[in-house]
Amino acid sequence: MSLQNAIDFISKVDTDNDFRKSCYASKSQDELLNALAEKELKFTPNEITNAFNVLELQCQTYEQAGRVHELKAWFSLFR
């Protein structure tokens, strides 16, 4: 499992509309995490939380931080 996989997932969700739409097929966070593991993007709930924290700390503008918060809120809908 990997913090880097979680960061890669967040980046891909942010930039790839088709990938993000494919995530909507998952009805729960567990289902989403299992689907991502099949795509070699395996990470734990703790790692995704840490990834969001790392990305928030790297933000240099309010706009960047706002985008990270939006993605974090989007991901939380799967819980």
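Computed from the coordinates by the stated procedures, all read-outs in this text should not be read as laboratory data. As the structure is a prediction and not an experimental result, all values here were calculated from the model. So basically every Cβ, Gly included, is an ideal-geometry build from the backbone, and we count neighbours across all protein chains shown.
Conditions (1) of a type in the set (D, E); (2) on the phi < 0 side of the Ramachandran plot; (3) not in a loop (DSSP other than H, G, I, E, B), marked per residue:
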residue	(1), (2), (3)
K12	no, yes, yes
D18	yes, yes, yes
I48	no, yes, yes
L55	no, yes, yes
R79	no, yes, no
**Report entry** Those residues of segment 45-79 which are surrounded by 13 or more Cβ atoms within 10 Å (Cβ to Cβ), among the hydrophobic types (A, V, I, L, M, F, W, C) and closer than 15 Å to L33 by Cα, in sequence order
**Finding:** I48, A51, W74, F75, F78
Query raised in the report: Within segment 32-45, how many residues are within 14 Å of I7 (Cα to Cα) and in a loop (DSSP other than H, G, I, E, B)?
Result: 5
**Report entry** Residues within segment 20-31 that are farther than 13 Å from W74 by Cβ and either part of a loop (DSSP other than H, G, I, E, B) or not small (G, A, S) (or both), tallied
**Finding:** 5
Report task. Give segment 1-28 a look and list any residue that's over 18 Å from E56 (Cα atoms) and within 11 Å of the chain's Cα centre (by Cα), or say none. Result -> R20, C23
Query - Qualifying positions in segment 3-39 - surrounded by fewer than 15 Cβ atoms within 10 Å (Cβ to Cβ) and either within 17 Å of A51 (Cα to Cα) or touching a Cys at 6+ places or on another chain (Cβ under 9 Å) (or both) - result: Q4, S11, T15, A35, A37
